[in-house]
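I have placed the structure first, in the form of structure tokens, so that the comments after it can refer back to it.
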Amino acid sequence: MERFVATGGCQLVGGVDVPGAKNSVLKLMAASLLACGRTTLRSVPDILDVNVMADVLRALGASVERDVAEGSLSIDVPERPTAAADSDLVRRIRASVVVLGPLVARCGEARVALPGGDAIGARALDMHVSGLAKLGAVVDVESGILVARSSGRLQGASIWLDFPSVGATENLLMAGVLAKGTTVIDNAAREPEIADLCAMLVSMGARLDGAGTSTLVIEGVDELRPTTHDTVADRIVAGTFAIGALMTGGDVLVRGGRADHLEIVLDKLTTAGATVDTRPDGFRVRAERPPRSIDVVTLPYPGFPTDLLPQTIALEAVSEGVSLITENVFDSRFVFCRELSKLGADLRTDGHHVVVRRSDRLVGTHVAASDVRAGAGLVLAGLVAEGITSVSEVHHIDRGYAAFAEQLRLLGADIRREPRGGPDARRDDR
Ligand code: EPU
């Protein structure tokens, strides 16, 4: 197991490039299953989850070639993909559940293991299941495998989601584009990654309206064609560097970052003391003074993203004043607080709230990432803590951040990646 070892006290200064979004590209990869032939994706981030999803597609019969230097991925989908996804692979990433919709739409059957993913809550699938049932599929769980069957073509239907679930919206959208007739998804998720998926589906020949709004209206078509598509920039990676700039008293140009996808985040960072300039090539975040506390409530887009919650709690741990943070999307995201407390953060959790008071100082120690965003939050905290912080379980960070340590080092951070048992292993005596 590798880990990151950071020495605190740096300022992040310089420019960083934002890759395509993890939470988009994994769904775009699934969408390629909707058409026979070769689809090409560009701006593909060099992250672990893309490798796992590529293996999921290979096990379904697709041939997947990756050009890491070019950031492209070519997916050649056969006339008849296999309907059963590899269970071991699917359990490794939650996003893989979005092969369910495309497979049942194209093959009339899909067998997908109940997925894995981050340890951040129960993460039910009831809206995926009830939505597919509305489209005419029969969905059962057989020995831990979700099995969806449709005797003929799926039938368009009106679906009202109880909550604007990202994954359910994506699955039902991808099922609806090949269903017969009109499908309406109301209370749909509005994340930029969903709009990106809609854009790709339209370029494949899908007929749909309402991308980026809470009502998606889809006219099913008989078949789709493969396409070439650029992945939308990763707003969570961009937001992580923006928070890092403010936390460290730095000045970072987030190249390729979409300020329009981070409006509430950049507004909050401005309130906290950052100066944010939007530019044609991205946006720049400068810390003009030490950060002041802000209150944050996470909500589905366009609300404050839950995927920036740990990084924000880390920021609040060094901000002047008292902050109230409320998490409304996942029920276990605060497991991160236990690790951050080991660095000396003053945190008090109560249900889905956490009160953060500025600590006199954070002091480096050994901590462990429990999910991709918790890992990023701990690394940012390590950049401002006194002494050395080591963050283990970095495979979580690798799932969503391409070359995170290298990127931070280019901005001036003192951080390296080392194998467990490396030079600082004696500090890690847990
Ligand atoms: N939910 C249900 N029933 C369902 C579906 C969802 O109760 O049928 C609940 C979940 O349990 C959760 C909430 O609804 O409490 C939100 O879940 P949602 O379906 O919106 O999230 P997701 O599709 O599982 C994606 C991202 C997450 C991101 C959320 C919210 C991917 C692969 N994952 O998850 O990303 O936090 O949307 O924006 O796209 C991350 O990247 O670190 C990450 C966790």
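The values are calculated or read from the model by the stated rules, or taken from the named source; none is laboratory data. These figures come from a predicted structure and were not determined experimentally. Neighbour counts run over all protein chains shown; Cβ positions are idealised from the backbone, glycine included.
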Those residues of region 266-305 which are within 15 Å of the ligand (Cβ to nearest atom) and in contact (Cβ under 8 Å) with a residue 40 or more places away in the chain, in sequence order:
Pro300, Tyr301, Pro302, Phe304, Pro305
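Specify the residue that is surrounded by the most Cβ atoms within 10 Å (Cβ to Cβ); the eligible residues are those in region 284-327 that are polar (S, T, N, Q) and closer than 18 Å to Leu246 by Cβ. If you could, list the steps in order and put the result at the bottom.
Start the filter on region 284-327 by keeping residues that are polar (S, T, N, Q), which leaves 293, 298, 306, 311-312, 319, 323, 326.
With the extra rule that they be closer than 18 Å to Leu246 by Cβ, the set shrinks to 293, 311-312, 319, 323.
Details: Ser293: 22, Gln311: 27, Thr312: 29, Ser319: 22, Ser323: 23.
Looking at residues that are polar (S, T, N, Q) and closer than 18 Å to Leu246 by Cβ, I get Thr312.
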Give the residue, chosen from Gly377, Gly387, Gly344, Gly351, that is in contact with a helix residue (DSSP H, G or I) (Cβ under 9 Å, 6 or more places away or on another chain) and of a type outside the set (Phe, Trp, Tyr).
Gly377
Can you name the residue in region 173-193 that is farther than 12 Å from Gly156 by Cβ and surrounded by fewer than 24 Cβ atoms within 10 Å (Cβ to Cβ) and is also nearest to the ligand (Cβ to nearest atom) among such residues?
Ala189
Just give me the residues in region 65-83 being surrounded by fewer than 17 Cβ atoms within 10 Å (Cβ to Cβ) and either among the aromatic types (Phe, Trp, Tyr) or farther than 26 Å from Pro19 by Cα (or both), in sequence order.
Pro78, Glu79, Arg80, Thr82
If you scan region 75-117, which residues turn out to be of a type in the set (Asp, Glu) and touching a Lys or Arg at 6+ places or on another chain (Cβ under 6 Å)?
Asp76, Glu109
Quick check on my filter: what residues within region 330-386 are free of Cβ contacts under 8 Å to residues at least 12 places away in the same chain and either assigned to a helix (DSSP H, G or I) or among the polar types (S, T, N, Q) (or both)?
Arg338, Ser341
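Residues are listed down the side, and each one gets a yes or a no for (1) out of contact with any Gly (no Cβ under 6 Å at 6 or more places or on another chain); (2) within 20 Å of Pro305 (Cα to Cα); (3) within 16 Å of the ligand (Cβ to nearest atom):
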| position | (1), (2), (3) |
| --- | --- |
| Thr215 | yes, no, no |
| Glu219 | yes, no, no |
| Glu223 | yes, no, no |
| Thr228 | yes, no, no |
| Gly239 | yes, yes, yes |
| Ala242 | yes, yes, no |
| Ala245 | yes, yes, no |
| Gly249 | yes, no, no |
| Leu253 | no, no, no |
Name the residues in region 394-424 that are modelled with pLDDT under 95 and among the acidic types (Asp, Glu), would you?
Glu418, Asp424
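What do you reckon, is Ala272 surrounded by 20 or more Cβ atoms within 10 Å (Cβ to Cβ), closer than 18 Å to His353 by Cβ and in contact with a Leu (Cβ under 7 Å, 6 or more places away or on another chain)?
It is false that Ala272 is surrounded by 20 or more Cβ atoms within 10 Å (Cβ to Cβ), closer than 18 Å to His353 by Cβ and in contact with a Leu (Cβ under 7 Å, 6 or more places away or on another chain).
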